[in-house]
Amino acid sequence: MLFKSRMIKSFIMMILFVAMFTGCSSGGKADTAAEENKNNENNTKDEIVYVNFRDIRDLNPHIYSGELFAQNLLFEGLVMITDEGVKPWLAKDWDISEDGRTYTFHIRQGITFSDGHKFDAHAVEANIQAIYDNKERHGWLESIRLLDGFAAIDDYTFEMKLKEPYYPLLVELAVTRPFRFISPNCFIDGTTKNGVNGLIGTGKYVLAENHKDQYAVFDVNTNYWGERPEISRIIAKVIPDNQIRTLALEKGEIDIIFGTNMVDAETYLKFSKMEGFGASLSDPLATRMLIMNSTDKILSDVNVRQAINAAVNREEISEEIFYGLESPADRLLAKTVPYCNVELEGYKYSLEKSNGLLEETGWKMNPATGVREKDGKPLEVLMHYNADSVTEKNISEYLQDQMRNIGLRLNITGEEEQAYRDRMKAGDFSITFNISWGTPYDPHSFLGGMRMPAVYGDYAAQQGLEEVKKLHDTILEAFTSTDEIQRQAYYDYILTYLHNEAIYVPLTFERNRAVYNEKVKNVTFNPSQYEVPLDRMYIE
């Protein structure tokens, strides 16, 4: 027994000695485990889990099918939009000729795409050519229509020539698409019009994985030419349902929900008061509105359109639906938008005015139905909304109830987003939701899109206006004018005419929103509401 006892003690001592030796050695298992734990901890700190309502889709930067937040992670432009205006990006600086028709960009040296292909003026030329190959797709861009030539002057100098001056050119070059750069190695048959065979940019991140309709993984670009972000990995999960997204944030399965369509006012207020979470709100960005089709039999009458505008209680919508987070909008574009500080009598809530206009126009109330009639036909209009937007559904139901006050039967119907947008572009609607394009697109991109069929619903909705041709011609004159005073005069006419014709029903001035786990720091907003500055965030 004594021998066995001594043997057991010796065995235990040997085990302890081996454990001590291996634990202290540089290659031992204990050291490896500690290192793995440390790495896991670092990975957690360097990783953020973002959420989107759908898959990232086709991220070809020269078309419009992909998710903007993802394209913005991978691809960069010559210039960028900041709170202080247009700043250098892949171009270190630029010159503009006196006549405003020639732009010369001086390209930064030492930049490569993430596949190693050199980024230079020749890569810029190849990308601009690929965009121009598909010019019909970019009808909303006056810069494409006005483009008169472009070429790499040398390895690091690129020149663009315009048929006419166009003051918004730099802004259009700065927004997320289509003027972002993809490696020419990704081109198919020398262009991107028919797709790409890779998603290689110069951006801060590369797409490491994509599991359709589940999640995508973006890893930091280890060869990035500029300052690298603190977040080394972004996981973008797909969660279509708003309630499930909210629950996932509460449970710690995701770190942040970002965007006006992703965070309704109720969710924002909930997380702003919840321990362990944060909430951020941007400055006003865009106008939330309805658009009425002036070719509709009922809405072709300007008095009816003005009556509907007067029947909308914007203050109540602001307070009851948005809890004051979005302020009432009494005009198409806020006075703070460039060139939009125009003297107008803002739309005011007045049932007396609304009912008076309808009476004057011959719409008489039928006491039996509570609906006005004219020539034996009821005052009845159909309004479409995006069924994927809780906010649009709530506003639609509210307006449906409110329009009873003026004897208007407002029928509402929700549609899946793509069908809803296709209907809008085709002009197959009486009333539908609309939104200005927001900073930095307003006013020029929003107004420019009105001139082009099938961009949004604006062109179709305006076809019943008496001065539609003059309106669209004046929009172009504003863009090409080099005289600031004359340009402002053009904008004065445009905004006054649209206001008086009342085909738009401004509701509120939209603000971007984000809710997040409190460990996520530096949650800010870009001038464009469609970009998510994940690269500026970090985990603490």
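General observations
- Cross-chain or 6+ apart pairs with Cβ under 8 Å, segment 134-155 first and in contact (Cβ under 8 Å) with a residue 60 or more places away in the chain, then basic (Lys, Arg) and assigned to a helix (DSSP H, G or I): Gly139/Arg145
- Asn341 being surrounded by 13 or more Cβ atoms within 10 Å (Cβ to Cβ) and in contact (Cβ under 8 Å) with a residue 40 or more places away in the chain: no
- Yes/no for Ala387 being modelled with pLDDT under 95 and either more than 30 Å from Phe525 (Cβ to Cβ) or assigned by TED's automatic domain parsing to the domain that holds Arg137 (or both): no
- Residue under evaluation Ala454, criteria (1) outside the structural domain of Leu169 (by TED's automatic domain parsing); (2) within 21 Å of the chain's Cα centre (by Cα); (3) more than 22 Å from Pro168 (Cβ to Cβ), criterion not met: (3)
- Residues in segment 244-288 that are surrounded by fewer than 20 Cβ atoms within 10 Å (Cβ to Cβ) and closer than 30 Å to Glu501 by Cα: Asn261, Asp283, Pro284.
- Each residue in segment 514-540 was checked for being farther than 16 Å from Glu253 by Cβ and either within 14 Å of the chain's Cα centre (by Cα) or not basic (Lys, Arg) (or both), and 18 of them qualify.
- Residue that is surrounded by the most Cβ atoms within 10 Å (Cβ to Cβ) [pool: residues in segment 175-205 that are aliphatic (A, V, I, L, M) and within 26 Å of Ile234 (Cα to Cα)]: Ile182
- Cross-chain or 6+ apart pairs with Cβ under 6 Å, segment 354-374 first and among the aromatic types (Phe, Trp, Tyr), then surrounded by 16 or more Cβ atoms within 10 Å (Cβ to Cβ) and in a loop (DSSP other than H, G, I, E, B): Trp363/Leu379
The values are calculated or read from the model by the stated rules, or taken from the named source; none is laboratory data. Computed from a prediction, not measured in an experiment: that's the story for all the values here. FYI the Cβ positions are ideal-geometry reconstructions off the backbone, even for glycines, and counts take in every protein chain you see.
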